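The values are calculated or read from the model by the stated rules, or taken from the named source; none is laboratory data. Small disclaimer: the values here were computed from a predicted structure and weren't measured. Heads up, the Cβs are rebuilt from the backbone with ideal geometry, glycines too, and the neighbour counts pull from every protein chain shown. In case anyone asks, the SASA skips ligands and DNA or RNA and just uses the protein heavy atoms, side chains included. Shrake-Rupley method; radii C 1.70, N 1.55, O 1.52, S 1.80 Å.
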Amino acid sequence: MSHNSFGHLFRVTTWGESHGPAIGCVVDGCPPRLALTEADIQPFLDRRRPGASRFVTQRQEPDQVRILSGTFEGMTTGTPISLLIENQDQRSKDYGEIKDRFRPGHADIAYELKYGIRDYRGGGRSSARETAMRVAAGAVARRVLEGVTIRGALVQIGEDRIDRAAWDWAAVEENEFWCPDRAAALRWEQRLLEARKSGSSLGAVVEVVAEGVPPGLGAPIYGKLDADIAAALMGINAVKGVEIGEGFAAAALTGEANADEMRMGPDGRVLFGDNHAGGVLGGISTGQPIVARFAVKPTSSILTPRRSVDRFGQEVEVTTRGRHDPCVGIRAVPVGEAMLALVLADHLLRHRAQNPDAPAEARLPRN
């Protein structure tokens, strides 16, 4: 009952703490004969890496990944793939003042009540540092998902949302926020500078999209694809809400507006008029793009003093020092992509095992 593993056929187990000597993961169930080297994983880690811009924590970690097992001559062997990243820029002294104090909004109090012991240095196991291994494992999952494109973007910081009419995927790689709206990115720069200067933080909403997903992934009732996606995204640090497709906005639609009409295209292809369902119906993928969003709370590590208690039952005031993200949602974009990749890889392998002759596209047999 350790709950450090994720997935069924494609299974990932992570280990390590924020200020320990290293973090790592084991990816089990990866098919053999897939091209895989450190160079296939590193670009995704570089996107999540701390210290990469002035709007994220300035902890300097190169996040250089090493493959310790599971490959031979640049190919996966079908055996467990072990990945390792060494921690190099820990500053445990930054947390000495709060080792006996519980930071409001953090998991400190929950860990103490559950285990009776906690690693207070940077949050220990509850730190977002652990998500580097999810990103590394997600890079392996992408090798399984041939023909599937997974992209993420930040669509809201605080109360400021993007203009969806201005959405441009090319813009995502041009700014420090993974923002698809260039005008919004300029506004967010000023908002985050003000938040950081005041010692506060802001929340965010991330959208992840997977295109090229074959129909048939997922299973009725207890193996629903959207349920597993929601669980995976909710499991990311600081995430407090997840929606698929229209999500909560669907409650404001009529049945006519929400239903994605269908028609027949060439060669038996089923064409959808819209994608309010986010690519999933009845827990099973339809062949449309998978669309999910998740809400990330404001970073709880702030300079503004907050009331709390300590391990001795005394009421205290807590100010969190150290190096922290003014908006943790920024670095959550590549993490969200990785978690979506892990779910899709696992479901693809499960689908192939049960139904190896299933079509790769949304087609119906011709009369």
### Query
Would the stretch 246-253 turn up any residue that is part of a loop (DSSP other than H, G, I, E, B) and more than 23 Å from the chain's Cα centre (by Cα)?
yes
### Task
Could you grab the pairs with beta carbons closer than 6 Å, sequence gap of 6+ or different chains, first residue in the stretch 181-207 and acidic (Asp, Glu), second one part of a loop (DSSP other than H, G, I, E, B)?
181/162; 181/163
### Task
Just need a number here: residues in the stretch 139-180 that are closer than 30 Å to residue 28 by Cβ and free of Cβ contacts under 8 Å to residues at least 60 places away in the same chain.
1
### Message
Suppose we keep only residues that are in a strand (DSSP E or B) and open to solvent by less than 40 Å² (accessible area, probe 1.4 Å) within the stretch 209-240. Which one would you say is farthest from residue 348 (Cα to Cα)?
### Response
239
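Could you pull out the residue among 129, 142, 118, 151 that is in contact with a Ser or Thr (Cβ under 9 Å, 6 or more places away or on another chain) and under 26 Å from residue 341 (Cβ atoms)? Explain how you work it out, then say what you get.
Numbers: 142 fails: in contact with a Ser or Thr (Cβ under 9 Å, 6 or more places away or on another chain); 118 fails: under 26 Å from residue 341 (Cβ atoms); 151 fails: in contact with a Ser or Thr (Cβ under 9 Å, 6 or more places away or on another chain).
Testing whether each residue is in contact with a Ser or Thr (Cβ under 9 Å, 6 or more places away or on another chain) and under 26 Å from residue 341 (Cβ atoms) leaves just 129.
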### Message
Against the conditions (1) surrounded by fewer than 21 Cβ atoms within 10 Å (Cβ to Cβ); (2) in contact with a helix residue (DSSP H, G or I) (Cβ under 9 Å, 6 or more places away or on another chain); (3) among the basic types (Lys, Arg); (4) under 26 Å from residue 11 (Cβ atoms), where does residue 114 fall short? Just the number, please.
### Response
(2)
### Query
Going through the stretch 70-85 one residue at a time, which ones are without any contact (Cβ under 8 Å) to a residue 40 or more places away in the chain, surrounded by 14 or more Cβ atoms within 10 Å (Cβ to Cβ) and in contact with a Ser or Thr (Cβ under 6 Å, 6 or more places away or on another chain)?
none
### Query
Checking residue 243 against (1) at pLDDT 95 or above; (2) over 30 Å from residue 9 (Cβ atoms); (3) surrounded by 16 or more Cβ atoms within 10 Å (Cβ to Cβ), which single condition isn't satisfied?
(2)
#### Entry: Residue satisfying all of: in the stretch 123-175; under 18 Å from residue 23 (Cβ atoms) and among the polar types (S, T, N, Q); most open to solvent (accessible area, probe 1.4 Å) among these
126
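Listed here are the residues, each with its yes/no results for (1) within 27 Å of residue 6 (Cα to Cα); (2) over 14 Å from the mean Cα position of the chain (by Cα); (3) open to solvent by 10 Å² or more (accessible area, probe 1.4 Å).
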{"position": "274", "(1), (2), (3)": "no, yes, yes"}
{"position": "293", "(1), (2), (3)": "yes, no, yes"}
{"position": "302", "(1), (2), (3)": "no, yes, yes"}
{"position": "329", "(1), (2), (3)": "yes, no, no"}
{"position": "345", "(1), (2), (3)": "yes, yes, no"}
### Query
Is it true that residue 259 is open to solvent by less than 40 Å² (accessible area, probe 1.4 Å) and more than 27 Å from residue 137 (Cβ to Cβ)?
no
### Query
Quick one: how many residues across the stretch 191-208 are open to solvent by 20 Å² or more (accessible area, probe 1.4 Å) and under 26 Å from residue 167 (Cβ atoms)?
5
### Summary
Here the residues within the stretch 277-291 that are open to solvent by less than 30 Å² (accessible area, probe 1.4 Å) and either farther than 21 Å from residue 349 by Cβ or among the polar types (S, T, N, Q) (or both) are 277, 278, 285, 286, 288, 291
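Results for (1) over 18 Å from the mean Cα position of the chain (by Cα); (2) of a type outside the set (A, V, I, L, M); (3) not in a strand (DSSP E or B), shown as yes or no for each residue.
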{"site": "267", "(1), (2), (3)": "yes, yes, yes"}
{"site": "308", "(1), (2), (3)": "yes, yes, no"}
{"site": "325", "(1), (2), (3)": "no, yes, yes"}
{"site": "334", "(1), (2), (3)": "no, yes, yes"}
